[in-house]
Amino acid sequence: ISSDVTARREMEESVRRSESLYRMVFKSAPYALWIEDYSKVKEFVDGLRELNVDDFAGHFKKNLDQIAHAGKLIRLIDINDAALRLFGVRAIEELPGGIADVFTKASSAKFIEVLCAVADGRTRVEGRSTIKKKDGSRQEIFYRWTVPDEFKRSLEQVLVSFFRVDELSEA
C-alpha cells in the first residue's frame with residue numbers, strides 16, 4: 001500500500017509540474033493566445049444543417065445577424081498577457097463578449113471562414129484581418145484558429161493565436 005501511495009503522489013506531482021509549465025508557457029508566450037469554447041457555435045451550425053443549410057458561406061453572407069449571434073456563442077476560457085496587451089485591456093473581464101468585442105466589419109467577414117470550418121469539420125483556419133482594440137483603434141493582424149485533436153468533436157477548446165502584421169513585417 002505504501003508504494004501505491006508513493007506512486008500516486010509522484011504521479012500527482014508530475015501532473016502539477018506539467019500543468020505549471022503549460023501555464024507559464026501560455027501566459028508568457030510573446031504572441032497573443034486565446035483559448036475559446038466553440039461548442040455552442042457547433043450546436044448552432046449543426047442546427048442550421050438540420051434546417052437544410054448546405055451553403056454556409058452563402059447563408060452567412062445573406063444573414064449577417066447570424067454572424068454576430070455565432071460570435072456571442074463563443075465562450076472565452078483564457079487569454080494570455082500578450083493578448084491583453086494586443087487588445088488594450090488589463091484583464092479578461094474587460095472582454096465580456098469575447099471575440100465579438102473585437103470584431104470589425106473585416107473580421108466579421110473573416111469569421112464566416114471559421115464558421116464554414118466548423119460546418120465542414122476542419123480544424124485550422126488562418127488569415128489576415130483587422131480587430132478593434134478597447135480604445136476603438138484598429139489593428140491589422142494575422143490569426144490562426146486551431147482545434148486540438150482531442151476537441152475535434154466537441155470544439156470545447158479551440159486555440160486562437162494572433163500576430164500583429166506590423167511585427168511580422170519587422171521580423
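I'd like to check something: does the range 100-107 contain any residue that is aromatic (Phe, Trp, Tyr) and under 20 Å from Leu155 (Cα atoms)?
Within the range 100-107, not a single residue is aromatic (Phe, Trp, Tyr) and under 20 Å from Leu155 (Cα atoms).
Counting only residues that are farther than 17 Å from Ile74 by Cα and surrounded by 18 or more Cβ atoms within 10 Å (Cβ to Cβ), how many does the range 133-161 have?
2
When you scan the range 17-26, do you find a residue that is under 20 Å from Arg144 (Cα atoms) and assigned by TED's automatic domain parsing to the domain that holds Asp135, even just one?
no
Name the one entry in Phe151, Phe163 that is closer than 24 Å to Ala117 by Cα, at pLDDT below 95, assigned by TED's automatic domain parsing to the domain that holds Asp46 and within 16 Å of the chain's Cα centre (by Cα).
Of the residues listed, the single one that is closer than 24 Å to Ala117 by Cα, at pLDDT below 95, assigned by TED's automatic domain parsing to the domain that holds Asp46 and within 16 Å of the chain's Cα centre (by Cα) is Phe163.
Any residue that is touching a residue at least 12 places away in the same chain (Cβ under 8 Å) and aliphatic (A, V, I, L, M) - is there at least one of those in the range 5-26? Can you show your working first?
Applying the first criterion (touching a residue at least 12 places away in the same chain (Cβ under 8 Å)) to the range 5-26 yields 26.
Adding the requirement that they be aliphatic (A, V, I, L, M) leaves none.
No, the range 5-26 contains no residue that is touching a residue at least 12 places away in the same chain (Cβ under 8 Å) and aliphatic (A, V, I, L, M).
Could you check, for the range 38-49, whether at least one of its residues is within 20 Å of Glu94 (Cβ to Cβ), polar (S, T, N, Q) and within 22 Å of the chain's Cα centre (by Cα)?
no
The values are calculated or read from the model by the stated rules, or taken from the named source; none is laboratory data. Bear in mind that the values here come from a model prediction, so they are computed numbers and not experimental data. When we count neighbours, we look across all protein chains shown, and the Cβ atoms used for this are built from the backbone with ideal geometry, even at glycine.
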